[in-house]
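Worksheet: one structure, shown below.
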Amino acid sequence: MYISDSGIVNVTTSPNIAIIKYWGKINIQEPINPSISFTLSECKTETSIAYQLCKSEKADRQFIFQNERNTHFEQKLIKYLDSLTVFLPWLPDFNLKVTSKNNFPHSSGIASSASGFSAIAKAIADIHEKVSGKDLSVEDISNMARLGSGSACRSIENGWNVWGKNNILQKGNQHYAININSYIHPIFTSICDSVLIVKQHEKKVSSSIGHQLMTNHPYKEGRIRQAHQNMEYLLKALEKGDIKNFLEIAEEEALSLHGLMLSSNPGYTLLVSNSLAIIKKIREFRLSNQIDIGFTIDAGPNIHVLYFEKDSDIVLNFIQSELFSLCNNLAIHDHIQFD
Ligand code: PMV
């Protein structure tokens, strides 16, 4: 009845960093506003899934993360796979053993859920092809990744991706990301991201709670307007190669995200004093040296320093001499994956 009864598939995906931030959900894991991100190059998730036709009544699911069985994530995986059964009716008939590894530390300011779920979705799509003989489209795979973690839908294709309905890109969709590499000015294919790890501990308030707090947030409507406006400006900047506007939007988005956290009910802070000290130094360095450097921040205290390959020597020097003391010499130097 199935073309293949057992086998193993291997995939590799990368996390992405958003410049326009997705913050707040509607319906089932749809964003309240559109977002834009790029995928990273050095940071990777490698996932393999062994599948085998199940002989007993209930299919077995196992999740091994960084060489250890992770029962907490196994529960999430079970729910996630259940949510995919409507598209993939073969799922309940197969035992699945997922083995996943990241080459970057957990809680490092790089969202492992995006690369984690995009890898699982890609691997499941590969198994689908093997057992049913049918291919899934990139849009279908991105949609499947979204159901695991919203931002994961932007890690199916490399480079720059947009998720969410918007007035600029007609193809913008609430269910899957679209790739915009063909609009991108060459300068933005050389963007670098050095993540300064100010603090490595698990965050006090998870992103799921943060998304929920947007539902009745007093600034929700204003935030939605701002994201749509920034979307328009950012797409123009990315197309024209306008670095100045790009950095302005990236910083505004990052600080808005953290402003929304501060002004939620209950409010909370993920930034720490060294995060703010780093931001100040980056801005001073940009002003006094006329270097194209800026920052973005994910849902955590760590600062992503944004710059371009053309300036990498001078920026890496600056990071080492001025910023390393503010992040215990801990940094991940990465850049866009664009192909
Ligand atoms: O995909 P989630 O639920 O982990 O949310 C991601 C939210 C941000 O990382 C803060 C922003 C984004 O667009 O990636």
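Rule-based calculations on the coordinates, nothing more; no lab input. None of the values given here were measured: they were computed from a predicted structure. Don't worry about glycine lacking a Cβ; one is built from the backbone with ideal geometry, like all the others, and counts go over all protein chains shown.
Data table
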read-out: Magnitude of the charge dipole, the stretch 282-339, Cβ model with Lys/Arg +1 and Asp/Glu -1, debye to 20; value: 200 debye
read-out: Cross-link pairs beyond the 28 Å C-alpha cut-off, checked among K25/K280; K25/K76; K44/K204; K25/K130; value: K25/K280; K25/K130
read-out: Of L77, S108, I168, farthest towards positive along the dipole that unit charges on Lys, Arg, Asp, Glu beta carbons give the chain; value: L77
read-out: Residues of the stretch 305-332 with amide N under 13 Å of the 7 Å Cα→Cβ point at Q200; value: 327-332
read-out: Entries of K199/K220; K236/K310; K58/K134; K122/K240 with Cα pairs more than 27 Å apart; value: K199/K220; K122/K240
read-out: The chain: C-alpha gyration tensor shape, a/c 1.5 cut-off, then a/b vs b/c; value: prolate
read-out: Span from the the stretch 259-315 Cα centroid across to the the stretch 25-98 one, whole angstrom; value: 33 Å
read-out: Principal-axis tilt of helix 138-148 within the chain, Cα atoms, nearest 10 degrees; value: 80 degrees
read-out: Estimated 222 nm signal from helices in the chain, with DSSP H stretches of n ≥ 4 weighted -39500 (n - 2.57), rounded to 500; value: -11500 deg cm²/dmol
read-out: Lys/Arg +1, Asp/Glu -1 at C-beta; the chain dipole; positive extreme among I8, A59, L260; value: L260
read-out: Rounded to the nearest 20 debye, dipole of the chain from Cβ charges on Lys, Arg, Asp, Glu; value: 780 debye
read-out: Point-charge dipole on Cβ atoms (K/R +1, D/E -1) for the stretch 36-172, about Cα centre, debye to 20; value: 200 debye
read-out: Which of V9, V272 has the fewest Cβ neighbours within 10 Å, and the rest in rising order; value: V272, V9
